[in-house]
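Here is the structure we will look at, set down as structure tokens.
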2 protein chains.
Amino acid sequence: MSLLVIGTLAYDSIETVHEHRANVLGGSAVHFGVSAANFGRVALVGVVGQDFRPEDLDFLEQRGIDTEGVERLDGRTFRWSGRYEADWNTRHTLETQLNVLARFDPKIPIAHQGSRYVFLANASPEAQLKALSQCEARVFALADTMNFWIESARDALHEVLGKVDGVVLNDEEARLLTGERSLIRAAHRVRELGPRYVVLKKGEHGAFLIGEDVQYALPAYPVEEVIDPTGAGDSFAGGFMGYIASADSIEPRTLRRAMLYGTATASYCVQGFGVEGLRPHSRGKIESRFNELLDITAV
Amino acid sequence: MSLLVIGTLAYDSIETVHEHRANVLGGSAVHFGVSAANFGRVALVGVVGQDFRPEDLDFLEQRGIDTEGVERLDGRTFRWSGRYEADWNTRHTLETQLNVLARFDPKIPIAHQGSRYVFLANASPEAQLKALSQCEARVFALADTMNFWIESARDALHEVLGKVDGVVLNDEEARLLTGERSLIRAAHRVRELGPRYVVLKKGEHGAFLIGEDVQYALPAYPVEEVIDPTGAGDSFAGGFMGYIASADSIEPRTLRRAMLYGTATASYCVQGFGVEGLRPHSRGKIESRFNELLDITAV
């Protein structure tokens, strides 16, 4: 398959009510890549510092991720630390160290400039635009963003939205971007900004897809015990785009199934720390949870 | 069909950010009855005061509700007033006047003691037990409750749960009843208390059904503009039980479809004040939204 992700590689320090772990492999492109790799080979573009552990690069390669586009710069790898409240819905960012990420200037390797499917993980809209301009052969580009960019770089973000085919937003981001309380109205407003498809992520409450030819809602997989929700959104996007790229189709039926694959993948993500929930993965495990979801949602 | 509801008839005063209405016809049995009546005849047992407006009784009769079991006592009808925050998820009870409801002693008319399907709307567990003891022919009894009874009458509520077939709870009630944060675990714990089926209502986030032979999740219908959420839960229960009673079956397939009918009915409820969203109803309108939901949730 022909799938490219541009985003962050990070070392995360995560506190939950049960546990505290420091310097766990994370980052949007990592969670996405590890998740999408269940469906086929993924190319990853991002930047790391001199401290990035060789075994982490090996892990990505062994998972079927092409890391040619991972640039190593002088300095330290991007670091994020955060704490979750007991209800999981409240996350406090304790510290963000951009480090080498401040100099991120995405360069897509020539071998991957022809990628048909592209995920612009959360990054500055400027970096997203630079990446996008190098992917002329794309069939379907999906972008993520966050409140910080909506508030601080709205014009550049609108430019991104005018150029991509789809966008993934959580409910808070959708409301902030549009000023609409109703999520449905917000989704329609986002579509007016450019993307033909809007994916709304509602965490434990599932996800919603709105496009000109499709409207699809599904609940989250009923996970009994959440260990760490970090990366769940990128993991969802990884399952979603991984399935689309492997099917090489953006028909409504494919998109609906992709939402289920995204949900199945994210459900594994939250069952472990960092990418641990995704580590022992295989397409077979994804299929079994996909089938469970089909059963749970079928009439 | 053979469906009986025992619950409240009320005059509600409701404040939303847009509007304020006083003495609107409401109450759990009213919202349930008006909703279930789309599927066939419903018998209603409850109590009103001398001030209950004849036109409201006429309205119920015209909707196909048998009001023989509505007892009129000296005093005033039960009154509730509340205010919703802009996000709809926060509701403040401003005042509760029990009035005649304090003397509610449900008496099921002989003609309805053989009802096969019974809904115990939110009421004191004592009243629910009295009602239940008069419904020996029941095939499927579903109970609702609220935080107040979970906290103040837990033993009697456990007795109710030991005798009914299903219970509807919102997420907060499920957590309070079981002490479990995880809704899935909470649902399993509730089943251990007796009911074979647990319906979890999550408002704008949909609903979830867990039973020994079925597990089904569905999102809410994407309503663009909420006018008043009062009664949405009872309206859901009305569509759910109305469909079950009309199908005269509790097979898993029926229960799954009933969840969709409950969701379709509740989506109309929130689009008007009090029962107004449900007033112009017909089975045809319910079917059209049922089909929309099928389309939105089908893979």
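Does the range A:16-39 contain any residue that is of a type in the set (Gly, Ala, Ser), surrounded by fewer than 19 Cβ atoms within 10 Å (Cβ to Cβ), outside any strand (DSSP E or B) and modelled with pLDDT of 95 or more?
No - not one qualifying residue is present in the range A:16-39.
For residue A:284, indicate whether it is touching a strand residue (DSSP E or B) at 6+ places or on another chain (Cβ under 8 Å) and not aromatic (Phe, Trp, Tyr).
No, not satisfied.
Residue check: is residue B:43 assigned to a helix (DSSP H, G or I) and either in contact with a Phe, Trp or Tyr (Cβ under 8 Å, 6 or more places away or on another chain) or modelled with pLDDT of 95 or more (or both)?
Answer is no for this residue.
Could you list all residues from the range A:175-202 that are within 13 Å of chain B (Cβ to nearest Cβ) and under 18 Å from the mean Cα position of the chain (by Cα)?
A:198, A:200, A:201, A:202
Going residue by residue through the range A:165-174, is there one that turns out to be surrounded by 23 or more Cβ atoms within 10 Å (Cβ to Cβ) and either closer than 30 Å to residue A:74 by Cβ or within 14 Å of chain B (Cβ to nearest Cβ) (or both)?
Yes, the range A:165-174 contains a residue that is surrounded by 23 or more Cβ atoms within 10 Å (Cβ to Cβ) and either closer than 30 Å to residue A:74 by Cβ or within 14 Å of chain B (Cβ to nearest Cβ) (or both).
Considering only residues that are β-branched (Val, Ile, Thr) and closer than 17 Å to residue A:15 by Cα, look in the range A:62-100 and name the one that is nearest to the other protein chains (Cβ to nearest Cβ).
A:90
Please verify whether the range A:57-71 includes one or more residues that are within 19 Å of residue A:233 (Cα to Cα), over 19 Å from the mean Cα position of the chain (by Cα) and in contact (Cβ under 8 Å) with a residue 40 or more places away in the chain.
no
Residues are listed down the side, and each one gets a yes or a no for (1) of a type in the set (A, V, I, L, M, F, W, C); (2) in contact with a His (Cβ under 7 Å, 6 or more places away or on another chain):
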position: B:218; (1), (2): yes, no
position: B:230; (1), (2): no, no
position: B:234; (1), (2): no, yes
position: B:237; (1), (2): yes, no
position: B:242; (1), (2): no, no
position: B:245; (1), (2): yes, no
position: B:248; (1), (2): no, no
position: B:255; (1), (2): yes, no
position: B:259; (1), (2): yes, no
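Please go through (1) in contact (Cβ under 8 Å) with a residue 24 or more places away in the chain; (2) within 12 Å of chain B (Cβ to nearest Cβ); (3) under 26 Å from residue A:87 (Cα atoms) for residue A:147 and return the number of the only condition it doesn't satisfy.
Of everything listed in (1) in contact (Cβ under 8 Å) with a residue 24 or more places away in the chain; (2) within 12 Å of chain B (Cβ to nearest Cβ); (3) under 26 Å from residue A:87 (Cα atoms), residue A:147 misses just condition (2).
Give the residue, chosen from A:250, A:244, that is touching a strand residue (DSSP E or B) at 6+ places or on another chain (Cβ under 7 Å), more than 9 Å from chain B (Cβ to nearest Cβ), in a helix (DSSP H, G or I) and in contact (Cβ under 8 Å) with a residue 12 or more places away in the chain.
A:244
Name the residue, out of A:272, A:262, A:238, that is in contact (Cβ under 8 Å) with a residue 12 or more places away in the chain, closer than 26 Å to residue A:14 by Cα, assigned to a loop (DSSP other than H, G, I, E, B) and away from chain B (no Cβ under 12 Å).
Being in contact (Cβ under 8 Å) with a residue 12 or more places away in the chain, closer than 26 Å to residue A:14 by Cα, assigned to a loop (DSSP other than H, G, I, E, B) and away from chain B (no Cβ under 12 Å) holds for just one of A:272, A:262, A:238, which is A:272.
Can you run down the residue pairs with Cβ atoms below 6 Å, 6 or more apart or on separate chains, where the first is in the range A:116-130 and under 18 Å from residue A:170 (Cβ atoms) and the partner is assigned to a strand (DSSP E or B) and of a type outside the set (A, V, I, L, M)?
A:121/A:144; A:122/A:144
Whether any residue in the range A:276-283 is crowded, with 16+ Cβ neighbours inside 10 Å and within 17 Å of residue A:222 (Cβ to Cβ) is what I want to check.
Checked against the condition, which is being crowded, with 16+ Cβ neighbours inside 10 Å and within 17 Å of residue A:222 (Cβ to Cβ), the range A:276-283 yields at least one hit.
Hey, among the residues in the range A:76-109 that are under 19 Å from residue A:25 (Cβ atoms), of a type in the set (Val, Ile, Thr) and free of Cβ contacts under 8 Å to residues at least 60 places away in the same chain, which one's surrounded by the most Cβ atoms within 10 Å (Cβ to Cβ)?
So, considering only residues that are under 19 Å from residue A:25 (Cβ atoms), of a type in the set (Val, Ile, Thr) and free of Cβ contacts under 8 Å to residues at least 60 places away in the same chain, the one surrounded by the most Cβ atoms within 10 Å (Cβ to Cβ) is A:100.
Being closer than 15 Å to residue B:29 by Cβ and either exposed (fewer than 15 other Cβ atoms within 10 Å of the Cβ) or touching a helix residue (DSSP H, G or I) at 6+ places or on another chain (Cβ under 6 Å) (or both) is the filter here; which residues of the range B:120-131 pass it?
Listed by number, the residues that qualify are B:120, B:121, B:122, B:128.
Is at least one residue of the range B:151-162 within 14 Å of another protein chain (Cβ to nearest Cβ), more than 16 Å from residue B:201 (Cβ to Cβ), polar (S, T, N, Q) and surrounded by fewer than 21 Cβ atoms within 10 Å (Cβ to Cβ)?
Checked the range B:151-162: no residue is within 14 Å of another protein chain (Cβ to nearest Cβ), more than 16 Å from residue B:201 (Cβ to Cβ), polar (S, T, N, Q) and surrounded by fewer than 21 Cβ atoms within 10 Å (Cβ to Cβ).
Would you check which residues across the range A:267-292 are hydrophobic (A, V, I, L, M, F, W, C) and at pLDDT below 95 and list them?
A:269, A:270, A:273, A:275, A:278, A:286
Could you please find all residues in the range A:275-293 being within 14 Å of another protein chain (Cβ to nearest Cβ) and in contact with a helix residue (DSSP H, G or I) (Cβ under 7 Å, 6 or more places away or on another chain)?
A:289, A:290, A:293
Only residues that are among the hydrophobic types (A, V, I, L, M, F, W, C), more than 13 Å from chain B (Cβ to nearest Cβ) and surrounded by fewer than 20 Cβ atoms within 10 Å (Cβ to Cβ): list them for the range A:203-235, please.
Matches in the range A:203-235: none.
Which of (1) surrounded by 24 or more Cβ atoms within 10 Å (Cβ to Cβ); (2) of a type in the set (A, V, I, L, M, F, W, C); (3) part of a helix (DSSP H, G or I) is the odd one out, the single condition residue B:290 does not satisfy?
Failed condition: (1).
The values are calculated or read from the model by the stated rules, or taken from the named source; none is laboratory data. A quick note: this is a predicted structure, and the numbers were derived from the prediction, not measured. Note: ideal-geometry Cβ built from the backbone for every residue, glycine included; neighbour counts use all protein chains shown.
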